[in-house]
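First the structure, in the form of structure tokens, and then the observations on it.
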């Protein structure tokens, strides 16, 4: 069976030609898929014969809402979607003055092992398909009624560990016949897979690359982010400089503020020296506590910000949204997994 929503319009056109059907049918089906059609019977401008043929040869993905939490504080919505195979992923809708942003997952689970993240606790199960990534944007928009203007790939999983799928997703979500969301409205977050960052640079995409740095020194970063043991901060920063030289796109450096781990003055000074001469900005993130982790939110966010700004670094502090609904990455999925394990006893 063919996963029809994971196909680009060009691939879909070629598929219809191979089936002996007119090429214009591809655009009709493509448009139906991005309106949220969940069955071929809904595609009323196709003949009954063609709809039957599609039913026999293709399938349309459509996740089910397993849980939905709405913040009473700021209207943030967190979805736990159940996929066709029973696995669950998270999506978060965040409302800002400049528009609605959806934070989507790229994998079921994650193998990167970052100490401050709930997504990685049970490891990686599998990669998502392009359709399963599209569905998070599409069905969040349809369910909430909130038009999506921005996308961040910062949910469960490491996007560059699912490189080919993510590249196809970007093509699909950017297509004018699809969701038509421009690349400059998309941010992709990575823990620092240097070879994949170089591959991404060669694509010349106008998206925003966010690098999860979280520590400026190898000793600290290797403790909280195992990926650093094979890369190292200096090599990562060299790769970031190459990325900027190739694309001209400024990088955002994510920095989760962890109490007495990465929030000392000397670490702010070292971070500033790493960024010297490379356009970019630092996004300080107040840590969301994870039940299974001993790490605690820093009490020095303002002091750390002031120290960086004293070195001329552009700094923002991420506004905390959805604090009352498990909105940090992986928490809702983790709770659902623990509940399911309890029921299975």
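Determine, yes or no, whether residue 236 is buried (at least 17 other Cβ atoms within 10 Å of the Cβ) and either under 20 Å from the mean Cα position of the chain (by Cα) or more than 16 Å from residue 316 (Cβ to Cβ) (or both).
In short, yes.
If you check residue 70 against the conditions, is it touching a strand residue (DSSP E or B) at 6+ places or on another chain (Cβ under 7 Å), touching a residue at least 60 places away in the same chain (Cβ under 8 Å) and assigned by TED's automatic domain parsing to the domain that holds residue 181?
yes
So which of 62, 37, 23 is out of contact with any strand residue (DSSP E or B) (no Cβ under 9 Å at 6 or more places or on another chain), without any contact (Cβ under 8 Å) to a residue 12 or more places away in the chain, surrounded by fewer than 21 Cβ atoms within 10 Å (Cβ to Cβ) and within 27 Å of residue 182 (Cβ to Cβ)?
23
Go over the candidates 208, 190 one by one and state the one that is under 19 Å from the mean Cα position of the chain (by Cα), within 20 Å of residue 151 (Cα to Cα) and surrounded by fewer than 20 Cβ atoms within 10 Å (Cβ to Cβ).
None of the others qualify; the one that does is 208.
Could you give me the residue pairs with C-beta distances under 6 Å whose first residue belongs to segment 97-110 and is more than 15 Å from residue 121 (Cβ to Cβ), whose second residue is assigned to a loop (DSSP other than H, G, I, E, B) wherever it lies, and which are 6+ apart or on separate chains?
Listed pairs, sorted by first residue: 100/146; 103/154; 103/155; 104/155; 106/128; 106/157.
Sort through 156, 151, 197 and tell me the only one that's at pLDDT 95 or above, surrounded by 19 or more Cβ atoms within 10 Å (Cβ to Cβ) and assigned to a helix (DSSP H, G or I).
The unique qualifying residue is 197.
Residue-wise test of (1) part of a helix (DSSP H, G or I); (2) without any contact (Cβ under 8 Å) to a residue 40 or more places away in the chain; (3) under 23 Å from residue 311 (Cα atoms).
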residue: 222; (1), (2), (3): yes, yes, no
residue: 235; (1), (2), (3): yes, no, yes
residue: 244; (1), (2), (3): yes, yes, yes
residue: 249; (1), (2), (3): no, no, yes
residue: 254; (1), (2), (3): no, no, yes
residue: 267; (1), (2), (3): yes, no, yes
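I need the full set of residues from segment 124-133 which are within 16 Å of residue 90 (Cβ to Cβ) and surrounded by fewer than 24 Cβ atoms within 10 Å (Cβ to Cβ), in order please.
Hits for segment 124-133 are 124, 125, 126, 127.
Whether any residue in segment 104-114 is closer than 17 Å to residue 36 by Cβ and in contact with a strand residue (DSSP E or B) (Cβ under 8 Å, 6 or more places away or on another chain) is what I want to check.
yes
For segment 154-170, does any single residue satisfy the condition of being without any contact (Cβ under 8 Å) to a residue 12 or more places away in the chain and farther than 19 Å from residue 102 by Cα?
yes
Whether any residue in segment 290-297 is in the same structural domain as residue 189 (by TED's automatic domain parsing) and buried (at least 21 other Cβ atoms within 10 Å of the Cβ) is what I want to check.
no
The values are calculated or read from the model by the stated rules, or taken from the named source; none is laboratory data. This one's a predicted model, so the numbers in the text were calculated from it and none came from an experiment. Note: ideal-geometry Cβ built from the backbone for every residue, glycine included; neighbour counts use all protein chains shown.
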